[in-house]
Amino acid sequence: MNSCLLCETPIASNPSWQALLGLDQQTNICQDCSKKFQHADIKNEEPFLDQVTSLYKYNEAMREYLHQFKFLQDVALASVFANELRTYLTGNATIVPIPMHPEKRIARTFAHVDELLKSARVPFTHLLEKTGTEAMGEKSKEQRLAMEPLFKLKPKMIIQPGTYRLVDDIYTTGTTLRHAATVLKEAGATRVEAVTLIRAER
């Protein structure tokens with residue numbers, strides 16, 4: 001019997017042929033915890049972004065989840081939303097995670113967006129490098145508009161015409177995704193979309 005990754009309540013599982021073959025979608029959190037998350041189901045367009053999809057709202061339950069996952073380094077929580085993420089990341093697009101700056105990667109010990117994608121069993125390609133360590137949520141609108149580019153292409157990377165889908169954990173101002181999309185579009189991408197687990201309301 002599995003236990004909920006968030007509250008440790010035992011989760012009963014029903015035997016099935018899918019489970020025997022390893023094909024079932026394993027439940028990692030209990031129904032009580034699952035009900036605390038609010039679906040956002042937001043789709044919109046942004047400059048340089050042909051479509052942005054956000055799955056959940058940034059409510060108290062999601063805030064606690066993100067804190068435990070990212071800052072308390074509970075990497076097992078990457079699997080909580082794996083099934084939903086996999087649903088939105090199917091198709092022929094090249095999946096591109098928003099990268100961490102190497103200094104932050106060392107401090108946090110793991111790349112959280114990479115772990116979300118690994119748990120969802122979604123192949124991805126690192127095409128971008130982060131150029132700074134600034135947090136967008138801490139900047140004013142004027143500061144964000146005046147910023148130097150946040151990303152650059154990794155050395156020797158060539159962007160072929162086609163669809164690219166950026167993935168990040170949270171959409172706050174949209175600045176991060178727009179900067180990343182701009183680099184891909186200017187390098188030759190035909191279409192750039194984005195999927196975020198969370199949409200924060202400002």
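The values are calculated or read from the model by the stated rules, or taken from the named source; none is laboratory data. Just so it is clear, the structure is predicted and the values come from calculations on it, not from any experiment. Ideal geometry is used to build each Cβ from the backbone, glycine not excepted, and the neighbour counts take in all protein chains shown. Keep in mind that these areas ignore ligands, DNA and RNA; they rest on the heavy atoms of the full protein, side chains included. Shrake-Rupley method; radii C 1.70, N 1.55, O 1.52, S 1.80 Å.
If I filter segment 35-62 down to residues being at pLDDT 95 or above and part of a loop (DSSP other than H, G, I, E, B), which single residue comes out as nearest to the chain's Cα centre (by Cα)?
Tyr58
Got at least one residue in segment 180-196 being charged (D, E, K, R) and assigned to a loop (DSSP other than H, G, I, E, B)?
Taking every residue of segment 180-196 in turn, none turns out to be charged (D, E, K, R) and assigned to a loop (DSSP other than H, G, I, E, B).
With open to solvent by 10 Å² or more (accessible area, probe 1.4 Å), touching a His at 6+ places or on another chain (Cβ under 7 Å) and not in a helix (DSSP H, G or I) as the only criterion, which of Pro155, Pro161, Pro149 stands out?
Step by step, each of Pro155, Pro161, Pro149 is checked, and only Pro149 is open to solvent by 10 Å² or more (accessible area, probe 1.4 Å), touching a His at 6+ places or on another chain (Cβ under 7 Å) and not in a helix (DSSP H, G or I).
Which pairs turn up if I take residues in segment 102-128 that are within 21 Å of Val195 (Cβ to Cβ) and look for partners that are at pLDDT below 95 and of a type in the set (Val, Ile, Thr) with beta carbon separation below 7 Å, at least 6 apart in sequence or on another chain?
Every condition considered, the pairs that remain are Phe110/Val75; Glu115/Val75.
Can you tell me which residue is farthest from Glu45 (Cα to Cα) among those in segment 166-179 that are part of a helix (DSSP H, G or I) and in contact (Cβ under 8 Å) with a residue 60 or more places away in the chain?
Restricting to residues being part of a helix (DSSP H, G or I) and in contact (Cβ under 8 Å) with a residue 60 or more places away in the chain, the top hit is Thr176.
Going residue by residue through segment 155-176, is there one that turns out to be touching a Pro at 6+ places or on another chain (Cβ under 8 Å) and either at positive phi or modelled with pLDDT under 95 (or both)?
Scanning segment 155-176 turns up no residue that is touching a Pro at 6+ places or on another chain (Cβ under 8 Å) and either at positive phi or modelled with pLDDT under 95 (or both).
Since Cys4 meets every condition but one in (1) within 21 Å of Arg86 (Cα to Cα); (2) at pLDDT 85 or above; (3) open to solvent by 60 Å² or more (accessible area, probe 1.4 Å), which condition does it not meet?
With (1) within 21 Å of Arg86 (Cα to Cα); (2) at pLDDT 85 or above; (3) open to solvent by 60 Å² or more (accessible area, probe 1.4 Å) applied to Cys4, the lone miss is (3).
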